[in-house]
Every structure is written in structure tokens, then in C-alpha cells.
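First up is the structure itself, then whatever we jot down about it.
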Amino acid sequence: MPRSLILLLPIVVLAAIAQPAEAVTPAELAGQLNAQIARCWNPPPKARGSVAVSIEFNQDGRIVGTPKASGLASTGVAKSAVEAVQYCQPYRLPPSMFSIWQHTTVRLSVGN
């Protein structure tokens, strides 16, 4: 069953500032986070729907509080999405980009 992840990051404009060698683009950052969550997500069999999970992180890649799920999905899909986000921590994300990934929303879809 197809499943997908979409990461919604705040857009940051860095006008005429040289980026350090370890800096990644927001798209690459989204890919890193998506890959980490995807390996932990196991939606219920025959599930369908899409859920957005809002997450707040500490600088060490651990989640602050409980992620919040919303969207057009069954309770099982929403619960499995939140569990995957919690289980996969700590996340390995670039510390230099903490201001971008500190507050993040990840969209998970299954059977769409």
C-alpha cells in the first residue's frame, strides 16, 4: 500500500549570507526527517488517509511534549503516525539549522 511523507518547514530567507559547508537546503532537511520517520511508521493494514503531525524539538533532536495529529484519517492512522514520530527519536538533524526544524509539521499519507 503506498504511503508518503511530506514535510512542511518554515521558509527562511538568507539574503547574501554564505552558508557553512555542512548546511543543507530545506528540501534536503525534509528528506532527512522523512527518511527517519518512514523507517518507523507502520500504518494499520488497509488503512487510508492523511494526517499532519505537528512536532516541537529540543536541540538534541528529541521531541518536546506530545506531537499533535490532525487530518482526514482514521484514529489508527493518526495514532500510528504519532507513535512513529515518538519512536524514531532522537532525530539526527543539522544543529546549525535548529531554528528551521524546531517547529515542524510532517504529513503522512497511506492508501492515497
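Miscellaneous remarks
- Filter result (surrounded by 14 or more Cβ atoms within 10 Å (Cβ to Cβ), polar (S, T, N, Q) and under 22 Å from L72 (Cα atoms)) within the range 89-112: T104, T105, S109
- Residue within the range 46-58 that is surrounded by 11 or more Cβ atoms within 10 Å (Cβ to Cβ), under 13 Å from T104 (Cα atoms) and charged (D, E, K, R) present: yes
Read-outs: derived from the displayed coordinates by stated rules, not from any lab. The model shown is predicted, which means the values in this text are computed figures rather than measured ones. Backbone-built Cβ (ideal geometry, glycine too); neighbour counts: all protein chains shown.
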